[in-house]
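Undergrad: This is the structure I have questions about; it appears just below.
The values are calculated or read from the model by the stated rules, or taken from the named source; none is laboratory data. All of these numbers come straight from a predicted model, not from anything done at the bench. Here the Cβ is made from the backbone with ideal geometry for all residues, glycine too, and neighbour counts use every protein chain on show.
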Amino acid sequence: MFRFAHSEYLYALYFVPVIIGLIWYSIRNQNQLLEKFANIKLHKILFPLRSKVKVLLKNALIVFAIVLLIFGLANPQIGSKIEEVKQVGIDVYILLDVSLSMKAEDIKPSRLEKAKHEISKLIRKLRGDRIGLIVFSGKAFIQFPLTTDYSAANLFLSAVSVKSVPQPGTAIGPAIKLALNSFKKDEETQKAIVIITDGEDHEGEIDSVIEEANNLGVKLYAIGLGSPQVVPIPIYNSSGKQIGYKKDRSGNVVLTRLDEATLQEITSKGNGEYYRGSNTDDELEMIYNDLASLEGSEFGATKITEYEDRYYYFLIPAILILFIEIFIKERKSKFFEKFESKLEKQ
């Protein structure tokens with residue numbers, strides 16, 4: 001198999017005709033100046049050793065070397081062998097609370113930003129495991145499904161904010177239900193759900209989804225972000241300056257606190273572990289280390305073709321041609337006498 005690693009460089013070949021045109025224009029302009037300086041018949045007397053053939057040859061070598069360099073930059077590659085690589089790992093859905101209470105700053109820089117930072121760190125550490133992200137507040141939505149494309153996962157994660165889900169509230173139960181439905185039932189992989197929230201569940205009735213998770217063998221973990229003491233929710237303007245705190249319709253400041261009891265109940269019934277978030281520890285890494293002890297299952301296979309670089313097939317000849325061009329003098333030689341005479345007749 002053959003391909004170019006950087007095929008975008010091949011667009012530079014469009015400039016080759018332009019370079020040839022510039023060289024032709026330069027030679028033509030030079031000949032016109034010589035004609036103005038002296039009659040063509042006097043050129044043999046004034047410039048007896050000047051070789052038109054060698055001038056053309058030097059310019060042709062330069063153009064050819066440029067073409068070779070372009071192909072070298074595009075890095076041609078040859079596929080040497082095809083291997084089938086088995087994909088083994090565990091499936092993890094992270095449920096991220098994006099309700100307005102997650103903007104509280106009892107965890108720095110805020111509950112939500114701390115959660116996003118931990119998830120991003122985890123994604124960078126993953127090797128073969130599939131990860132998915134569900135964002136929820138009053139409703140739950142899949143931000144990205146189970147994937148091993150960690151670059152894309154980080155990209156979608158960076159776009160998460162409290163505006164990702166317009167419905168207010170904190171519906172943990174529907175978020176767990178959505179994750180359970182999103183797992184691929186026909187693949188017998190180890191599965192886990194990690195809930196990152198302040199725990200203020202405004203919907204209730206999560207016992208049925210916990211029971212369903214247990215029946216499916218899905219472990220439920222939780223990270224509680226925030227302080228058990230009530231704190232206000234800061235409000236910022238478009239320039240990033242704090243302009244006050246969130247208030248209800250009566251004009252009272254809205255207060256939020258970490259509801260650990262709900263999260264401890266979920267993880268206790270869901271055969272998982274509960275961790276309280278802090279400013280210093282990486283709780284998500286602790287959970288992943290626990291999950292890493294689970295035996296990974298094969299969930300697919302992919303064919304990988306190994307390609308070997310062959311840029312030097314073009315780069316080395318280009319350098320040699322440019323080196324040779326330097327030592328070609330624009331003087332007549334016996335080797336090119338026949339070509340010289342033909343050009344002079346023309």
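Undergrad: Does the range 221-231 include one or more residues that are over 26 Å from R130 (Cα atoms), touching a residue at least 60 places away in the same chain (Cβ under 8 Å), touching an Asp or Glu at 6+ places or on another chain (Cβ under 9 Å) and among the β-branched types (V, I, T)?
TA: Checked the range 221-231: at least one residue is over 26 Å from R130 (Cα atoms), touching a residue at least 60 places away in the same chain (Cβ under 8 Å), touching an Asp or Glu at 6+ places or on another chain (Cβ under 9 Å) and among the β-branched types (V, I, T).
Undergrad: So which of E211, E205, E200 is loosely packed, with under 15 Cβ neighbours inside 10 Å and either in contact with a Leu (Cβ under 7 Å, 6 or more places away or on another chain) or at pLDDT below 90 (or both)?
TA: Working: E211 fails: either in contact with a Leu (Cβ under 7 Å, 6 or more places away or on another chain) or at pLDDT below 90 (or both); E200 fails: loosely packed, with under 15 Cβ neighbours inside 10 Å.
So the residue among E211, E205, E200 that is loosely packed, with under 15 Cβ neighbours inside 10 Å and either in contact with a Leu (Cβ under 7 Å, 6 or more places away or on another chain) or at pLDDT below 90 (or both) is E205.
Undergrad: Please find, among G272, G244, G251, the residue that is part of a loop (DSSP other than H, G, I, E, B) and in contact with a strand residue (DSSP E or B) (Cβ under 7 Å, 6 or more places away or on another chain).
TA: G272
Undergrad: Right, here's the next one. How about the range 276-296: which of its residues are in contact (Cβ under 8 Å) with a residue 24 or more places away in the chain, in a loop (DSSP other than H, G, I, E, B) and either among the polar types (S, T, N, Q) or surrounded by fewer than 21 Cβ atoms within 10 Å (Cβ to Cβ) (or both)?
TA: S278, N279, D282, L294, E295, G296, listed by residue number.
Undergrad: K184 is checked against (1) under 27 Å from the mean Cα position of the chain (by Cα); (2) within 23 Å of S120 (Cβ to Cβ) and fails just one. What number does that condition carry?
TA: (2)
Residue by residue, here is whether (1) of a type in the set (D, E, K, R); (2) touching a Pro at 6+ places or on another chain (Cβ under 9 Å); (3) over 27 Å from S208 (Cβ atoms); (4) surrounded by 17 or more Cβ atoms within 10 Å (Cβ to Cβ) holds:
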| residue | (1), (2), (3), (4) |
| --- | --- |
| P234 | no, no, yes, no |
| K241 | yes, no, yes, no |
| Y245 | no, yes, yes, no |
| D248 | yes, no, yes, no |
| N252 | no, no, yes, no |
| Q264 | no, no, no, no |
| Y274 | no, no, no, yes |
